1. Looking only at residues that are polar (S, T, N, Q) and in contact with a Gly (Cβ under 8 Å, 6 or more places away or on another chain) in the range 49-64, which one is nearest to A103 (Cα to Cα)?
2. Quick one: which strands (runs of 3 or more DSSP E) lie wholly within the range 51-147 and hold at least 2 residues that are β-branched (V, I, T)?
3. Report yes if A59 is open to solvent by less than 20 Å² (accessible area, probe 1.4 Å), within 14 Å of the ligand (Cβ to nearest atom) and within 15 Å of the chain's Cα centre (by Cα), otherwise no.
4. Of all the residues that make up the range 33-48, how many are near the ligand (Cβ under 8 Å from one of its atoms) and either open to solvent by 30 Å² or more (accessible area, probe 1.4 Å) or aromatic (F, W, Y) (or both)?
5. Search the range 110-137 for residues that are more than 25 Å from V16 (Cβ to Cβ) and modelled with pLDDT of 95 or more and pair each with any residue that is among the small types (G, A, S) and part of a loop (DSSP other than H, G, I, E, B) when their beta-carbon atoms are under 9 Å apart and the residues are at least 6 apart or on different chains.
6. Taking the range 17-32 only, how many residues are within 8 Å of the ligand (Cβ to nearest atom) and in a strand (DSSP E or B)?
7. Checking the structure you have, find out if any residue of the range 120-137 is of a type outside the set (K, R), surrounded by 20 or more Cβ atoms within 10 Å (Cβ to Cβ), over 19 Å from A55 (Cβ atoms) and more than 14 Å from the chain's Cα centre (by Cα).
8. Taking the condition charged (D, E, K, R) and in contact with an Asp or Glu (Cβ under 9 Å, 6 or more places away or on another chain), does D9 pass?
Amino acid sequence: MTDPAALIDAARAAAVHAHAPYSRFAVGAALLLTDGSIVTGCNVENASYGLSLCAETVATATATASGRLRDIVAVGIVGGRIGAADTDPVRPCGRCRQVLSEAAQMSGRDLAVHCAGLAGGNIETHRLSDLLPKAFGPADLGIGEQA
Ligand code: THU
């Protein structure tokens, strides 16, 4: 199991590529897969603000496009204002919790979610099931894990 610090380091490296000219808030996400490999993403904003994508969603979509949606075991997230020294942990937004929950429910595995600030500081760890209790999911649609 990759340690949380390594996952947070990967997320921080991904945040360098954030396209965030509007919010000036960079986020990086790193997904640890069952084989120990890591898939990353950053937030991708758009001049049409509502089209912007969060880092966790980009990373999850990237893993899915490689056939790895069911292989996600842990998530590292960092965020903070560009050029500031933000060390408060950034937790996933509600939409990203739901996106990550799709991976968790498809694999039948709860995810560890490690959160940190862009500029460093402590790593805060949660279980996705604590961040999004009683989640809506495939079972509500009568669809099983192997869909
Ligand atoms: N953002 C993420 O990438 N992930 C989150 O979980 C929270 C917010 C991004 C969206 C937007 O580009 C910027 O952070 C400010 O909200």
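1. Kept after step one, since they are polar (S, T, N, Q), are these residues of the range 49-64: 52, 57, 60, 62, 64.
Now narrow it down to the ones that are in contact with a Gly (Cβ under 8 Å, 6 or more places away or on another chain): 57, 60, 62.
Values: T57: 11, T60: 8, T62: 12 Å.
So, considering only residues that are polar (S, T, N, Q) and in contact with a Gly (Cβ under 8 Å, 6 or more places away or on another chain), the one nearest to A103 (Cα to Cα) is T60.
2. On the way: elements: 72-81, 112-117, 120-127.
Those strands (runs of 3 or more DSSP E) span 72-81, 120-127.
3. Details: open to solvent by less than 20 Å² (accessible area, probe 1.4 Å): yes; within 14 Å of the ligand (Cβ to nearest atom): yes; within 15 Å of the chain's Cα centre (by Cα): yes.
Here the answer is yes, as A59 does meet what is asked.
4. Going residue by residue through the range 33-48, those that are near the ligand (Cβ under 8 Å from one of its atoms) are 42-45.
Right, trim to either open to solvent by 30 Å² or more (accessible area, probe 1.4 Å) or aromatic (F, W, Y) (or both) and you get 44.
Summing the residues that are near the ligand (Cβ under 8 Å from one of its atoms) and either open to solvent by 30 Å² or more (accessible area, probe 1.4 Å) or aromatic (F, W, Y) (or both) in the range 33-48 gives 1.
5. These pairs meet every condition: L128/A135; S129/A135.
6. To start, the set of residues in the range 17-32 that are within 8 Å of the ligand (Cβ to nearest atom) comprises 18, 20, 22-23, 25-27, 29.
With in a strand (DSSP E or B) added as a condition, the list becomes 25-27, 29.
Selection size over the range 17-32: 4.
7. Initially, the range 120-137 is screened for residues of a type outside the set (K, R), giving 120-126, 128-133, 135-137.
Narrowing further to those that are surrounded by 20 or more Cβ atoms within 10 Å (Cβ to Cβ): 128, 132.
Checking the rest, the ones that are also over 19 Å from A55 (Cβ atoms) come to none.
No: the range 120-137 contains no residue that is of a type outside the set (K, R), surrounded by 20 or more Cβ atoms within 10 Å (Cβ to Cβ), over 19 Å from A55 (Cβ atoms) and more than 14 Å from the chain's Cα centre (by Cα).
8. Numbers: charged (D, E, K, R): yes; in contact with an Asp or Glu (Cβ under 9 Å, 6 or more places away or on another chain): no.
No, not satisfied.
The values are calculated or read from the model by the stated rules, or taken from the named source; none is laboratory data. As the structure is a computational prediction, the values presented were derived from the model and not from experiment. Cβ: placed from backbone, ideal geometry, glycine included. Neighbour counts: every protein chain shown. Just so you know, the surface numbers come from the protein's heavy atoms only, side chains and all, with ligands and any DNA or RNA stripped out. Shrake-Rupley method; radii C 1.70, N 1.55, O 1.52, S 1.80 Å.
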